[in-house]
Amino acid sequence: RVCQAMLAGAKRSLLTADSSKFGNPAFTRFAKLTDFDGIITDSGLPAKEKRWLTKAANDVIVTKVS
């Protein structure tokens, strides 16, 4: 409930997750991807997942992993 309240009260909400988290079942979930304004992830994200995420969120930012 705390996470949901923080998400609801935020001006902008960003989800940060490494690419291995997408396409796998979650142990627990506090929000839908569509609840976030943007998603930040790493460059290991497959193109198919990136297209799917782009439809779910307004902004998908992919960063290089060094």
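Of all residue pairs spaced 6 or more apart or on separate chains, those with beta-carbon atoms under 6 Å, a first member in the stretch 35-52 that is of a type outside the set (Lys, Arg) and a second member that is part of a loop (DSSP other than H, G, I, E, B) and crowded, with 17+ Cβ neighbours inside 10 Å are 36/57; 38/57; 39/57; 49/22.
For the stretch 22-48, the set of residues classified as within 9 Å of the chain's Cα centre (by Cα) and of a type in the set (Val, Ile, Thr) consists of 34, 39, 40, 41, listed by residue number.
Take residue 32 and decide whether it is on the phi < 0 side of the Ramachandran plot, in contact with a strand residue (DSSP E or B) (Cβ under 9 Å, 6 or more places away or on another chain) and surrounded by fewer than 10 Cβ atoms within 10 Å (Cβ to Cβ). Against the criterion (on the phi < 0 side of the Ramachandran plot, in contact with a strand residue (DSSP E or B) (Cβ under 9 Å, 6 or more places away or on another chain) and surrounded by fewer than 10 Cβ atoms within 10 Å (Cβ to Cβ)), residue 32 does not qualify. Selection of the stretch 38-55 for residues being surrounded by 14 or more Cβ atoms within 10 Å (Cβ to Cβ) and in contact with a Ser or Thr (Cβ under 6 Å, 6 or more places away or on another chain) yields 40, 41, 42, 45.
Every condition in (1) of a type in the set (Val, Ile, Thr); (2) part of a helix (DSSP H, G or I); (3) touching a strand residue (DSSP E or B) at 6+ places or on another chain (Cβ under 9 Å) holds for residue 65 except the one numbered (2). The residues in the stretch 19-48 that are among the hydroxyl-bearing types (Ser, Thr, Tyr), modelled with pLDDT of 85 or more and not in a strand (DSSP E or B) can be counted, and the count is 3. Taking the stated definitions as given, is residue 51 under 14 Å from the mean Cα position of the chain (by Cα) and either over 21 Å from residue 62 (Cβ atoms) or in a helix (DSSP H, G or I) (or both)? Yes.
The values are calculated or read from the model by the stated rules, or taken from the named source; none is laboratory data. All figures in this text were calculated on a predicted structure; none of them were measured in a lab. Here Cβ is always computed from backbone atoms with ideal geometry, including for glycine, and neighbour counts include all displayed protein chains.
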